[in-house]
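The values are calculated or read from the model by the stated rules, or taken from the named source; none is laboratory data. What you see is a predicted model, and the numbers here were worked out from it, not measured in a lab. Neighbour counts are summed over all protein chains in view; Cβ atoms, including those assigned to glycine, are modelled from backbone coordinates with ideal geometry. Side chains are part of the model used for accessible areas, which takes the heavy atoms of the whole protein and leaves out ligands, DNA and RNA. Shrake-Rupley method; radii C 1.70, N 1.55, O 1.52, S 1.80 Å.
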Amino acid sequence: MELDAKIPEGPIETLWDRHKFDLKLVNPANKRKYNIIVVGSGLAGGSAAATLGELGYNVQCFCFQDSPRRAHSIAAQGGINAAKNYHGDGDSIYRLFYDTVKGGDFRAREANVYRLAQISVDIIDQCVAQGVPFAREYGGMLDNRSFGGAQVSRTFYARGQTGQQLLLGAYQALERQIAAGQVKMYPRAEMLDLVVVDGHARGIVTRDLVTGEVESHAADAVVLGTGGYGNVYYLSTNAKGCNATAIWRAYKKGALFANPCFTQIHPTCIPVTGSYQSKLTLMSESLRNDGRIWVPLRKGDKRPPNSIPAEERDYFLERKYPSFGNLVPRDVASRNAKAVCDEGRGVGESGLGVYLDFKSALERLGKHVIKERYGNLFDMYERITGEDPYQAPMRIYPAIHYTMGGLWVDYNLMSTIPGLYVIGEANFSDHGANRLGASALMQGLADGYFILPYTISDYLATTKLLKVDSSHEAFRESEAQVACKTKRLLEIKGTRPVDSFHRDLGKLVWEYCGMARTAEGLRHLLEKIPELREQFWRDVTVPGTGSELNQSLEKAGRVGDFLELAELMCLDALERNESCGGHFREEYQTAEGEALRNDAEYSYAAAWQYRGDGQAPAMVKEPLHFDYVHPSQRSYK
């Protein structure tokens, strides 16, 4: 198989505008003849469904939550990037493009990234028009703050609740289309299979999570906006319900999966406190604007932080990276936090933590300013830890937060299955090996509001689709496969609950395919995961039946998929003999401990093709070309 990214030719500055003109359109009167399925109702899925409905298409939107308002996009805290240059500090579309390509360690497509930067300015206008309450300066202008990997202030924010406010904007637009009859919403419905007819995506099979009923839904095109796969690690900042089932089932129907080993560790999370935990809590990257990260200079120093004088502290990011300081990209900050903890200088009972200290900012700005900027985050931290961050530093440690890998898509956001579009975190396209902070919300809304509505019309206008409904044989086959898997899970009647397998998998993947990886560790993991998967299918216990609300059954299906996806992640990590962004192979690092890329051999996106159970997947390479931002050793010093 050869991959065609369908990137237009010409100057990158005009690429998207010319491409939009070249795309075929669907006559407004004909749009009502087309049905489109959107799976997921977060920022990407919700904005796509709302926009497609507004254009006149018939849309069916599915989410496993009880309301689109509960999509995990609501948890995003710090902000959304846009190259508005309101601060007059030198920002531009080109600088946002440059920072994103560099921040991704030169493993993303230039054309996609430039388009993202270009559209960023329109996203803010759209959201302001919707009434999103972005923070404003005294004179009424929208305010900005800084995020990692940039030396300008380009992040728009709504205190520490930016994702929630943006999602409410998309939700209101979606509800408007639901009321107008253009969008039909299916809450508490989980996609369990993709239906492919004559090589084209023509529908999905879902399970009603309340009644257990399995249903088929047919359409002319399918859009997946189902988020990432960070919960493969068990402990992550993702909501517990976040899963990879939709994209994994699509992978097994022929959609290629790109760069699965590119996973992001977020440096500012509340540290693990015990084996009983089921998830971790994010502390926004925005806190690094005013918080200073440090550890004691001396190993094993267990004095309270306020008792350690300044000369006995190591502000290690400020020391190593004077130009960017505490605002280095996430992969760099995370690796350095791990390094000082590995040296024995970590804080807290476990020694797996560093301090995020606001004393200087409180003295310089006053408590009222810090409370205005971060009040809800400080309150959250105190509720969880019982410690007052106004009086003592926060304790933070890196944790899994985002996945840059996902289903491969071309410039039009279409996967290798015609008619299957993938948007937001579910695809691989924009962030390379490391996402910069405040860019996830930007990508989700760019895909949903401004890219997909153009590109999907071209597919519908140029593709001759036969009339297909849910009585087609392909739907019956998919329903039978779903029923068979459900029956198998319920009949095992083993001794171990689903969560115990998920926890064991998470520990293994975090240890050997987390912040640091080695060939030896990855080979070990590739032996252990099949063993754990075999135990799962032999000894898991799933109480209840399939014809009722059964959360154990839901989790079992998702963990079964994670046990397969984890193996692909490790295979991808083992094949990529270099360090880049969030993929840090200990064998490949500079003398100063920074990631050491191998552009001569690995300047490509690795897309994996499913070839059947029990068979090794095949890797297909998409070469990456850099005509504007030439690859170099990243430096934030």
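Across the options THR541, VAL113, ALA219, the greatest Cα extent toward the positive end of the charge dipole of the chain (unit charges at beta carbon of Lys, Arg, Asp, Glu) belongs to THR541.
Within 10 Å, Cβ to Cβ, of ASP4, how many net charges do the neighbouring residues add up to if Lys/Arg are +1 and Asp/Glu are -1? Walk me through the numbers before you get to the answer.
Numbers: positive: LYS6; negative: GLU2, ASP410, GLU622.
Net charge in that neighbourhood comes out at -2.
Can you give me the C-alpha center-to-center distance between segment 65-87 and segment 334-407, rounded to a whole angstrom? So the two Cα centres are separated by 21 Å.
Accessible surface for LEU167 stands near 0 Å², nearest 10, in the context of the full protein assembly shown (1.4 Å probe). Relative to the current alpha-carbon distance between ASP499 and HIS625, full extension at 0.36 nm per residue lengthens the span by 41.1 nm.
Scan (i) 48, 31, 19; (ii) 37, 29, 24; (iii) 45, 39, 24 for the value of semi-axes √(5λ) of the Cα gyration tensor in Å calculated from this model and give just the label. Answer label, from the structure shown: (ii). Other residues whose C-beta falls under 15 angstrom from the C-beta of LEU596 contribute a net charge of -2, scoring Lys and Arg +1 and Asp and Glu -1. With helices defined as uninterrupted DSSP H runs, which ones in the chain have an alpha carbon span along their own long axis of at least 24 Å and mean Kyte-Doolittle hydropathy of at least 0.0? What comes out of the filter, once short or polar helices are dropped, is 110-130, 162-180, 551-575.
Sorting HIS266, HIS87 by solvent-accessible area of protein heavy atoms yields HIS87, HIS266, largest first, with a 1.4 Å probe.
Remark: segment 485-597 carries a charge dipole of roughly 520 debye about the Cα centre, counting +1 on each Lys and Arg Cβ and -1 on each Asp and Glu Cβ.
Basic side chains Lys and Arg get +1 at the Cβ, acidic Asp and Glu get -1 at the Cβ, and with that the dipole of the chain about its Cα centre reaches some 900 debye.
What accessible area, in Å² to the nearest ten, does a 1.4 Å probe give for HIS502? Result for HIS502: roughly 10 Å² accessible.
How charged is the neighbourhood of ARG373? Take every other residue with its Cβ under 9 Å from the Cβ of ARG373, and add Lys/Arg as +1 and Asp/Glu as -1. Could you put the intermediate results ahead of the total?
On the way: positive: ARG145, ARG159, LYS371; negative: ASP290, GLU372.
Every neighbour counted, the sum reads +1.
Taking all protein chains as shown and a probe of 1.4 angstrom, TRP294 keeps an accessible surface of around 0 Å².
Projecting the Cα atoms of GLY581, SER500, TRP510 onto the dipole axis of segment 485-597, where Lys and Arg carry +1 and Asp and Glu carry -1 at the beta carbon, places SER500 farthest toward the positive end.
Within segment 1-65, which GluC sites (Glu not before Pro) sit in a loop by DSSP and count at most 13 neighbouring Cβ atoms inside 10 Å?
Those that pass, being in a loop and sparsely packed, are GLU2, GLU9.
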